[in-house]
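What follows is a single structure, written as structure tokens, with notes after it.
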Amino acid sequence: MRANQARLDFDALRHNLAHARSLAPGARTMCVVKANGYGHGGLAIAQALEAHTDALAVACIEEALELREGGVRCPILLLEGVFAADELPLAAEHNLWVMIDNHKQLQWLEQAQLAAPITCWLKVDTGMHRLGVQPEEAEAFHSRLMACANRTGELVTCTHFASADDLSSDQTARQIELFNAITASLPGPRSAANSPGLLGWPDSHFDWIRPGYMLYGNSPFAQAHANTEALRPVMTLTSAVISLRDLAPGDSVGYAATWTAERPSRIATISIGYGDGYPRLANNGTPVLINGQRVPLVGRVSMDMITVDVTDLSEVAIGDEAILWGPQLTAGEVAGHAQTIGYELTTRMPARTPRVITAP
Ligand SMILES: *Cc1c(COP(=O)(O)O)cnc(C)c1O
């Protein structure tokens, strides 16, 4: 058996949720657990959060039904709404909330024959230009939804930010201003903040916050920010050294020989690769922790293995622990060496890497 594990600390998860709530004490909280809980295991994450949140959110009905089958009872919003009319009776049956973000979805709702009415959120496009009704359509959608017999409960109007992770961009302030103008005449609660909105843009908190990424303990910002200091990474990705060798100057390592030793070098092979969720684009110099000390990745990432330069470590042995990311080395930092963001690293973690819950 290989030593690879994605260790999950649910104390950290609940700590991060408490931190999120403390930043917007007047708002209700919807924890986003789409895409298998950003790769951490959707059901286990939902079960750990359920008692501490007002609602959960996923991308689509398949994800929501998996949580219901696992016994999760709290409200679950489908962030993209339904993709076909025949999902609406299922949503009604399983008490799922649905996003309405276009004409088609509104028509399906108005024309559906449902055993029970559904709670809806209305999404308005304030600049992301991906989903949502146009600002000038918002009032008409809102009144039709208010009048719709297949709808029940509060009607939340929401929007989504394009650049909230960039604190120097003025787009978020413009989106908030437009959202305020659109909703000034609309009754009902409002929601805008994803993790970077919640952490960095206090004017975005409104009545419901929708944190995702920050719950898993990483900062959505490239820069340091006071509100991210308390976050604790939930996932620690671990593996082990399985081979050691000494190279002479001029010897190269790995596929396509992308790294060549310039001095007598000691190379450790670690049994984790892109088939286990480690990013193939991680470049020479990407940090890896061996016995808690940083060493640089050298050579291409293979499917099942990587190689690191341990020349400067005093002691390394086969079997020693390697940490690819976790509290001492964030997924965001590793992602910065691999042309991506930490969101993608955890979300793409394949089933091949076992999830092990270390703090239930
Ligand atoms: C994914 C998502 C979120 C959560 O975003 P994070 O940046 O992970 O906090 C919130 N709202 C919507 C509509 C989303 O799709």
Gly70 vs. criteria open to solvent by less than 70 Å² (accessible area, probe 1.4 Å), within 14 Å of the ligand (Cβ to nearest atom) and under 22 Å from the mean Cα position of the chain (by Cα): no
Criterion violated by Gly250 - all others in (1) within 16 Å of the ligand (Cβ to nearest atom); (2) in a loop (DSSP other than H, G, I, E, B); (3) modelled with pLDDT of 95 or more; (4) out of contact with any Lys or Arg (no Cβ under 8 Å at 6 or more places or on another chain) satisfied: (1)
Residues that are in contact (Cβ under 8 Å) with a residue 60 or more places away in the chain and either exposed (fewer than 14 other Cβ atoms within 10 Å of the Cβ) or of a type in the set (D, E, K, R) (or both), drawn from the range 143-164: none
Subset tally (residues that are more than 16 Å from His129 (Cα to Cα), of a type in the set (A, V, I, L, M) and within 16 Å of the ligand (Cβ to nearest atom)) for the range 156-181: 2
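Listed here are the residues, each with its yes/no results for (1) closer than 30 Å to Asp312 by Cα; (2) more than 16 Å from the ligand (Cβ to nearest atom); (3) at pLDDT below 95.
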position	(1), (2), (3)
Arg210	no, no, no
Pro220	no, no, no
His225	no, no, no
Pro233	yes, no, no
Thr238	yes, yes, no
Residues of the range 243-273 satisfying the condition of being of a type outside the set (Gly, Ala, Ser), surrounded by 13 or more Cβ atoms within 10 Å (Cβ to Cβ) and over 16 Å from Leu313 (Cβ atoms): Asp251, Val253, Thr258, Trp259, Thr260, Ile272
Pairs where the first residue, in the range 307-323, is over 11 Å from Pro296 (Cβ atoms) and the second is of a type in the set (Ser, Thr, Tyr) and open to solvent by less than 70 Å² (accessible area, probe 1.4 Å), C-beta under 7 Å, 6+ apart: Ile318/Ser243; Glu321/Thr238; Ala322/Thr238; Ala322/Ser239; Ile323/Thr236; Ile323/Thr238
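The values are calculated or read from the model by the stated rules, or taken from the named source; none is laboratory data. Computed from a predicted structure; not experimentally measured. Backbone-built Cβ (ideal geometry, glycine too); neighbour counts: all protein chains shown. For the accessible areas, the whole protein counts, side chains as well, though only heavy atoms, and no ligand, DNA or RNA atoms are used. Shrake-Rupley method; radii C 1.70, N 1.55, O 1.52, S 1.80 Å.
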